[in-house]
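The values are calculated or read from the model by the stated rules, or taken from the named source; none is laboratory data. A quick note: this is a predicted structure, and the numbers were derived from the prediction, not measured. Every residue, glycine among them, receives a Cβ derived from its backbone with ideal geometry; neighbour counts consider all protein chains shown.
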Amino acid sequence: MQHTIEPDSHGPLTAPMIRAVDACVHCGFCLAACPTYQELGQEMDSPRGRIVLMKQVLEGKLPWQAAQPHIDRCLGCLACEPACPSGVPYRDLISPFRAIARTQFKRSFGQKLRHVLASQTIPYPARFRLAALGGRLGKAVRPLLPKALQPMVDLVPATLPPAESWPIVTPAVGERRARVALLAGCAQQVLAPDINTATLAVLAAQGVEVIVPPTQGCCGGLAWHTGDLRAAQAFARKNLDAFPADVDAVLTNAAGCGSAMHEYHLVLRGTPDEARADAFRQRVTDVSFFLNRIGLRASPRDSGRTLRIAYHDACHLGNAQGVRDEPRALLRAIPGVEILELAEAHLCCGSAGTYNLDQPEIATSLGEQKARAAIATGADVVATGNIGCLTQLQAHLEKLGSPIRVRHTMQILRDAYL
Ligand code: SF4
Ligand code: SF4
């Protein structure tokens with residue numbers, strides 16, 4: 001696309017944004033893949049429309065405020081990337097644009113309050129646990145709360161599992177085949193700590209020694225995707241320092257975290273840490289991809305039962321990391337498992353980080369559609385690789401009165417193997 005964006009006019013993030021704008025030929029193949037275009041039917045809420053808006057803002061031809069509602073409605077699901085025949089790297093445009101937009105104009109009080117509360121609680125497990133407990137009280141007085149806070153208390157789960165902790169080193173069972181480091185995640189530690197426990201058990205049983213670095217922090221994804229560049233950089237640096245170099249891979253078991261860590265080179269672009277961020281991100285791998293690559297060394301036991309599993313591709317695993325076949329292959333290795341596919345599988349479930357808080361109507365509509373699609377498969381269980389999707393889908397299945405449980409791929413593997 002022809003543009004008149006000045007090189008470096010918006011700092012070190014300008015160049016990747018220009019490359020993305022340049023690559024778009026305006027063909028519109030991405031429109032059908034975009035959940036917000038499907039929901040709202042407006043060009044400005046499609047990938048192509050958003051690229052034009054961002055280009056015009058970066059050229060100085062459109063005020064930031066005019067584009068912002070449409071940019072805010074973008075889920076960051078990246079369904080537009082695999083749909084694009086020209087290979088537009090939309091991710092190189094949307095997050096950098098949000099980082100710059102944050103410095104350009106003021107948000108409403110309600111938006112600011114939500115962002116402060118989310119950014120000061122979700123990345124810190126102890127605070128998030130306290131906030132979730134407080135939120136349960138908030139549910140009782142929901143009508144009395146400011147409107148801006150009501151979506152937050154709606155998302156608070158009715159019960160929280162007890163806190164769990166993990167050793168710094170979990171040794172491999174039997175002969176050691178690999179040594180990895182694991183990101184423990186932040187919201188996941190509070191909402192579903194068993195996912196980490198299951199991941200450690202599966203890896204150890206497969207001969208993988210796992211380090212959980214004690215000084216690690218949040219991946220920074222929440223900050224990066226909401227335009228808080230400074231906070232994202234601080235989280236990224238903390239993890240660059242925390243993770244050891246002498247491991248075969250840095251593993252994540254939450255797609256959103258893995259996808260954010262893959263973007264550390266952008267987060268730290270133009271800083272002295274850019275080169276080591278680039279080297280680090282290339283060692284980051286989703287646990288399902290890693291396990292499938294090294295191969296399962298023993299067959300899971302045969303329970304004699306059939307298990308129908310509907311697999312939900314988390315956007316940040318399928319679209320952002322290209323990991324689709326590997327979790328299915330791992331699950332198929334379990335005797336009696338049948339993998340079922342959801343209709344409209346490319347559509348985001350609506351969770352998308354804090355999207356649930358900022359755009360509750362679209363998030364609810366997408367969540368309900370995904371839950372209906374899961375029910376229509378006739379599955380016993382839904383498997384996925386991201387805590388956000390897991391929480392969103394479980395909530396909407398329950399709302400629809402479905403008994404289907406949503407589980408992480410590692411939890412299903414642990415139950416089959418151990
Ligand atoms: S990231 Fe998702 S919501 Fe945003 S433009 Fe692309 S497909 Fe649409
Ligand atoms: S499919 Fe790709 S090239 Fe075509 S309009 Fe969408 S982003 Fe641009």
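Below, the figures for the structure above:
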| read-out | value |
| --- | --- |
| Region 1-34, residues that are more than 16 Å from Phe97 (Cα to Cα), away from ligand 1 (no atom under 15 Å from the Cβ) and in contact (Cβ under 8 Å) with a residue 60 or more places away in the chain | Val25 |
| Qualifying residue in region 56-79 (condition: within 11 Å of ligand 2 (Cβ to nearest atom) and either surrounded by fewer than 19 Cβ atoms within 10 Å (Cβ to Cβ) or in a helix (DSSP H, G or I) (or both)) | no |
| Hits in region 21-55 - residues which are in a loop (DSSP other than H, G, I, E, B) and crowded, with 18+ Cβ neighbours inside 10 Å | Cys24, Cys30, Cys34, Ser46 |
| Residue in region 360-368 that is charged (D, E, K, R), in contact with a strand residue (DSSP E or B) (Cβ under 8 Å, 6 or more places away or on another chain) and surrounded by fewer than 17 Cβ atoms within 10 Å (Cβ to Cβ) present | no |
| Among (1) within 16 Å of ligand 2 (Cβ to nearest atom); (2) buried (at least 17 other Cβ atoms within 10 Å of the Cβ) - the single one Ala99 does not satisfy | (1) |
| Checking Met1 against (1) of a type in the set (A, V, I, L, M, F, W, C); (2) in contact with a Lys or Arg (Cβ under 7 Å, 6 or more places away or on another chain); (3) buried (at least 21 other Cβ atoms within 10 Å of the Cβ), the condition it does not meet | (3) |
| Residue check, Gly256 in contact (Cβ under 8 Å) with a residue 40 or more places away in the chain, buried (at least 24 other Cβ atoms within 10 Å of the Cβ) and not aromatic (Phe, Trp, Tyr) | yes |
| Residue ID - nearest to ligand 1 (Cβ to nearest atom), chosen from residues in region 76-122 that are of a type in the set (Ser, Thr, Tyr) and at pLDDT 95 or above | Tyr90 |
| Test set (1) among the hydroxyl-bearing types (Ser, Thr, Tyr); (2) over 19 Å from Pro327 (Cα atoms); (3) touching a strand residue (DSSP E or B) at 6+ places or on another chain (Cβ under 9 Å) - Ser402 fails condition number | (3) |
| Among residues of region 394-418, those that are in a helix (DSSP H, G or I), among the aliphatic types (A, V, I, L, M) and modelled with pLDDT of 95 or more, counted | 4 |
| Pick from region 80-96, criterion part of a helix (DSSP H, G or I) and among the hydrophobic types (A, V, I, L, M, F, W, C), ranking: farthest from ligand 2 (Cβ to nearest atom) | Ile94 |
| Whichever residue in region 35-68 is acidic (Asp, Glu) and touching a residue at least 24 places away in the same chain (Cβ under 8 Å) and, among such residues, is farthest from ligand 1 (Cβ to nearest atom) | Glu59 |
| Residue check for Ala279: modelled with pLDDT under 95 and either surrounded by fewer than 19 Cβ atoms within 10 Å (Cβ to Cβ) or not in a helix (DSSP H, G or I) (or both) | no |
